[in-house]
């Protein structure tokens, strides 16, 4: 994809489970990735974290996904959505359920969830040579706040921005939206660190 666009150097953004993929890409192509922006990110999936309750949460989410994926009327989908959008309106939760339904089947969603829970990118973090901005909601119910903070501290040129939100998926009408947009804009416009 990058070659088809003719890009030699580019900034890369990874959100939630897309963050480990962005980290791996930045580590593999340090000459190509100029800056890295990560939101709601983690280096270790739930099954790789030391807190025992994380593995239980992984199994619970898997069961919820199998029961109500993409059905906004399902109590399981409402429970799942409340983790991602606890401050979301009924309309936003409906949009989220529809997005899930269109994105993939319940079976594929469960397979992806298992794969994401087993991710461990910690060995690659010191290979990320570009400036990295890690943004994380303080009360994120999907990825613990400390995961984002630890990720930023483990990246050689990591910066961390805490956002006052309960949502894993930021909404444009919440107070954290403008600090999120402004932080990313300022980071991307700043000249690259010299190392």
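The values are calculated or read from the model by the stated rules, or taken from the named source; none is laboratory data. In this text the structure is predicted, and so the values were computed from the model without any measurement. As a convention, Cβ positions derive from the backbone with ideal geometry for all residues, glycine included, and neighbour counts pool all protein chains shown.
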Check 96, 187 and return the single one that is touching a residue at least 40 places away in the same chain (Cβ under 8 Å), within 17 Å of the chain's Cα centre (by Cα) and part of a helix (DSSP H, G or I). 96
Selection count, region 124-157, where residues are buried (at least 19 other Cβ atoms within 10 Å of the Cβ) and either more than 30 Å from residue 81 (Cβ to Cβ) or not assigned by TED's automatic domain parsing to the domain that holds residue 13 (or both): 5
Would you say residue 131 is under 19 Å from residue 11 (Cβ atoms) and in contact with a helix residue (DSSP H, G or I) (Cβ under 9 Å, 6 or more places away or on another chain)? yes
I'm checking my understanding of the structure. Among residues of region 1-37 that are touching a residue at least 12 places away in the same chain (Cβ under 8 Å) and within 23 Å of residue 83 (Cα to Cα), which one is surrounded by the most Cβ atoms within 10 Å (Cβ to Cβ)? 19
Specify the residue that is nearest to residue 63 (Cα to Cα); the eligible residues are those in region 100-123 that are touching a residue at least 40 places away in the same chain (Cβ under 8 Å) and outside any helix (DSSP H, G or I). 118
Restricting attention to region 101-123, and to residues there that are in contact with a helix residue (DSSP H, G or I) (Cβ under 7 Å, 6 or more places away or on another chain) and crowded, with 17+ Cβ neighbours inside 10 Å, which single residue is farthest from residue 167 (Cα to Cα)? 121
